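Chemist: Mind looking over this structure? Questions follow.
The values are calculated or read from the model by the stated rules, or taken from the named source; none is laboratory data. Computed from a predicted model, the values in this text were never measured in an experiment. Every residue, glycine among them, receives a Cβ derived from its backbone with ideal geometry; neighbour counts consider all protein chains shown. Surface areas here come from the heavy atoms of the whole protein model, side chains and all, with no ligands, DNA or RNA. Shrake-Rupley method; radii C 1.70, N 1.55, O 1.52, S 1.80 Å.
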Amino acid sequence: MTDIVIQPLTAANQADLNRCDNSFTVEAELRLTAEDGRIGYTVKPVTPYVKRYGAEVFDAQMYIEKPDHAAWLAYADGRIAGQILVHEHWNRCAIIWDIAVDPPFRRRGIGRRLIAQAGAWARDRGLPGVMLETQNINAAACRLYASCGFILGGFDACLYRGVMPGTREIALFWYLLF
């Protein structure tokens, strides 16, 4: 049994921020439908490939002891296993700006625990909910969000085209409303 500990980001542990591998294997994608103001989807298998993002480095000082920003790190048996960064968005929802669980620690409940921590932070602040954005090719993450109670509230088929011309990836906006 793995001992999982969630700690707030502090000056003492800030060196562990940005140490999780956020790549993932694309094995399926969400195919979207929209009808009567509701977004639905089916999950379709695709030929597997690994999706890697450029090294995104988050500034710990943006999240340590800030009234409208927060971050937590997950440790499994004393090793960094995950992170989540959240702040109050313009629409008064908490927005999860980043969530990552290192591949050896996936499917152990760490992502769910980090999301619960962000939800508790939002509730404590009196915010109406939590939102996040992911891609239709990240079916595993989408399954996690749906299992945590998030609903698909919107999508943008053009969002990524400025940085990835010709991409078929679609931005998905998930909401957990209290």
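Chemist: Residues Gly149, Gly78: which one is at pLDDT below 95 and within 24 Å of Pro8 (Cβ to Cβ)? Step through it out loud before you land on a result.
Modeler: Values: Gly149 fails: at pLDDT below 95.
Matching residue, one of Gly149, Gly78: Gly78.
Residues checked against (1) among the charged types (D, E, K, R); (2) open to solvent by 50 Å² or more (accessible area, probe 1.4 Å); (3) touching a Ser or Thr at 6+ places or on another chain (Cβ under 8 Å); (4) in a strand (DSSP E or B):
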{"site": "Arg108", "(1), (2), (3), (4)": "yes, yes, yes, no"}
{"site": "Trp121", "(1), (2), (3), (4)": "no, no, no, no"}
{"site": "Leu127", "(1), (2), (3), (4)": "no, no, no, no"}
{"site": "Leu132", "(1), (2), (3), (4)": "no, no, no, yes"}
{"site": "Ile137", "(1), (2), (3), (4)": "no, no, no, no"}
{"site": "Arg143", "(1), (2), (3), (4)": "yes, yes, no, no"}
{"site": "Arg161", "(1), (2), (3), (4)": "yes, yes, yes, no"}
{"site": "Leu172", "(1), (2), (3), (4)": "no, no, yes, yes"}
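Chemist: Additional query: Quick one: count up the residues across the range 148-159 that are open to solvent by less than 70 Å² (accessible area, probe 1.4 Å) and out of contact with any Lys or Arg (no Cβ under 7 Å at 6 or more places or on another chain). Give the steps one after another, and end with the answer.
Modeler: Filtering the range 148-159 down to residues open to solvent by less than 70 Å² (accessible area, probe 1.4 Å) leaves 148-150, 152-154, 156-157.
After this cut, where a residue has to be out of contact with any Lys or Arg (no Cβ under 7 Å at 6 or more places or on another chain) as well, the list is 149-150, 152-154, 156-157.
The qualifying residues number 7.
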